[in-house]
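Participant: Sharing a structure here in structure tokens format.
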Amino acid sequence: MLLAVALADAAVGAGAAPAATDPLVEAREARSWLSRMHDATGQRNFLGTFVVSAGGAVYSSRIAHYCDGANQYERIEPLDGLKRQVYRHNDQVVSVWPHSRVAVRETRQLMGQFPSLLSSGVGRIVEHYQVRPLGEARVAGYEAQVLLLTPRDGYRFGHRLWAEKGSGLLLRAEVLDEHEVVLEASAFSELLIGVKPQPELVARAMKQLDGYRVERPLLETTELGAEGWSLRGAPAGFESVSSVRRAGVSGDGPQAVSAQGPVLQAIYSDGLTHVSVFIEPFQAAVHRRESMMSMGATQTLMRRQGDWWITVVGDVPVATLRSFAFGLERQR
């Protein structure tokens, strides 16, 4: 409750002092801030604790992020639920569960995750969102510029973003419905920007896995067409980011083969938000009921299509998920 009140109070305060009155000036300023936000995570070293509030639940994690030239290193430790750590060196990710002594090593693109929210340049974003500055506010002790991103159609949610004035680093983000009601919020509760980089701490932890059962998901890059599928009628602006076939798991443990068989995953993005499409063989014992679920801003649609089971997930309106799910066609 206190977190919700604080988020609401800050949102009101942020909107009370507009930064500019000339629309052209506002547009230029907004685009400049988006560019700075896009670049900041790859150029700044920081330590902090961030909190996510969604669907009545609150989660927090500690994050350490280091830059070493073009290399990015990251350590994330969720503070709720089962104890685990996630280490990242560029697209190489190791997730460690100390209690079960299991480590999962995989290649993964961390797309659309706070504070690396923007996954493309400004051009694609402003094509589908109207962007304007709302004024200034303080987050975790830092002065921030607040931006409002209003979708130009009904296939996207709105966003309110707080960028640190000195670095451009994203400090806080909210996902808004069509009435600007907050569906989900992420924010640093404490933060240090410009800390001494220590990438060796992350690199060392990714290698020191003695005593752990190391599992490696078997991923193969592919395309929907190569797998016998096509997608028609996807909302404008959502472009293919990646497609992989998850064939199972390899490692030194007994779980060498996935129980559910291969799963095809295709990811689409409009530069700000993402939609994941999962396609797998239908299994009556596992896939019992078609459904639609909601958790904060995240919507999940599951349906059967012939001999296949389709799952579509994204921080987007239900209409967007339906466009993807019902736009899939089996070619062979």
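Taken together, the values in this text are just the output of simple stated rules run on the coordinates, not laboratory data. Since the model is a prediction, treat every value here as computed from it, not as a measurement. Here the Cβ positions follow ideal geometry from the backbone for every residue, glycine too, while neighbour counts run over all protein chains shown.
Participant: Using only alpha carbon positions, build the gyration tensor of the chain, then give the equivalent ellipsoid semi-axes as the square roots of 5 times its eigenvalues, largest first, whole angstrom. Don't jump to the answer; show the numbers that get you there.
Facilitator: Details: eigenvalues 218, 145, 64 Å².
Sorted largest first and rounded, they come to 33, 27, 18 Å.
Participant: Just need the relative contact order of the chain here, percent rounded to a whole number, with Cα pairs under 8 Å and 6+ apart. Could the numbers behind the result be given before it?
Facilitator: On the way: 735 pairs, mean separation 52.0, N = 332.
The value is 16 percent.
Participant: Where a Cα-Cα gap under 21 Å defines reach, which lysines qualify for residue 207, not counting those fewer than 8 residues away within the same chain?
Facilitator: Qualifying lysines at Cα under 21 Å: 83.
Participant: Note down, for region 215-330, the three equivalent ellipsoid semi-axes (square root of 5 times each alpha carbon gyration tensor eigenvalue), biggest first, whole angstrom.
Facilitator: Numbers: eigenvalues 112, 55, 43 Å².
Equivalent-ellipsoid dimensions as semi-axes: 24, 17, 15 Å.
Participant: Report the relative contact order of region 37-162, percent, no decimals, based on alpha-carbon pairs under 8 angstrom and at least 6 residues apart.
Facilitator: Values: 209 pairs, mean separation 16.3, N = 126.
This gives 13 percent for region 37-162.
Participant: Another question, if that's okay. Can you work out the Karplus-derived ³J(HN,Hα) for every residue in region 128-140? Use 6.51 cos²θ - 1.76 cosθ + 1.60 with θ = phi - 60°, whole Hz, and x for glycine or proline.
Facilitator: So the J values, rounded to whole Hz, are 10, 9, 7, 10, 8, x, 9, x, 10, 7, 10, 9, 6.
Participant: With a ≥ b ≥ c the root eigenvalues of the C-alpha gyration tensor of region 176-253, is it rounded (a/c under 1.5), prolate (a/b larger than b/c) or oblate?
Facilitator: On the way: a/c = 2.58, a/b = 1.10, b/c = 2.34.
Here region 176-253 falls in the oblate category.
Participant: Compute the normalised compactness of region 2-193: alpha-carbon radius of gyration over 2.2 N^0.38 Å, N being the residue count.
Facilitator: Working: Rg = 17.0 Å, N = 192, 2.2 N^0.38 = 16.2 Å.
Against the empirical 2.2 N^0.38 Å value, I get 1.05 for region 2-193.
Participant: Could you give the length gained by full extension between residue 143 and residue 307, i.e. 0.36 nm per residue of separation minus their alpha carbon distance, to one decimal place?
Facilitator: Details: separation 164, 0.36 × 164 = 59.04 nm, distance 5.40 nm.
Using 0.36 nm per residue and subtracting the Cα-Cα distance, I get 53.6 nm.
Participant: Right, something else. What is the distance, in nm, between label points placed 7 Å from the Cα along the Cα-to-Cβ direction at residue 130 and at residue 247?
Facilitator: 5.0
Participant: Oh, and also: Between residue 216 and residue 25, how many nm apart are label points set 7 Å from Cα along the C-beta direction?
Facilitator: 5.8
Participant: Another question about this same structure. Between residue 201 and residue 97, what is the label-to-label distance in nm when each label sits 7 Å out along the Cα-to-Cβ direction?
Facilitator: So the label points at residue 201 and residue 97 sit 2.6 nm apart.
Participant: Computed on alpha carbon atoms, what radius of gyration and Dmax characterise region 97-252, expressed in Å?
Facilitator: 20.1, 54
Participant: Going by C-beta contacts inside 10 Å, put 240, 323, 291 in order with the fewest on the left. Before the final figure, lay out each step's value.
Facilitator: Details: 240 14, 323 20, 291 10.
Listing 240, 323, 291 from fewest to most nearby Cβ atoms yields 291, 240, 323.
Participant: Now a separate question. Using 1/(1 + (r/R0)^6) with R0 = 25 angstrom and r between the beta carbons of residue 330 and residue 284, what's the FRET efficiency to the nearest 0.05?
Facilitator: Working: r = 19 Å, r/R0 = 0.76.
That gives a FRET efficiency of 0.85.
Participant: Please report the net charge: other residues with Cβ closer than 12 Å to the Cβ of residue 174, K and R +1, D and E -1. Walk me through the numbers on the way to the answer.
Facilitator: Values: positive: 160, 172; negative: 177, 180, 184, 315.
After counting each charged neighbour, the total is -2.
Participant: Continuing with the same structure: Calculate, in nm to one decimal, what residue 178 and residue 223 gain on full extension: separation in residues at 0.36 nm each, minus their alpha carbon distance. Kindly include the intermediate steps, with their values, before the conclusion.
Facilitator: Working: separation 45, 0.36 × 45 = 16.20 nm, distance 3.33 nm.
Gain on extension, residue 178 to residue 223, equals 12.9 nm.
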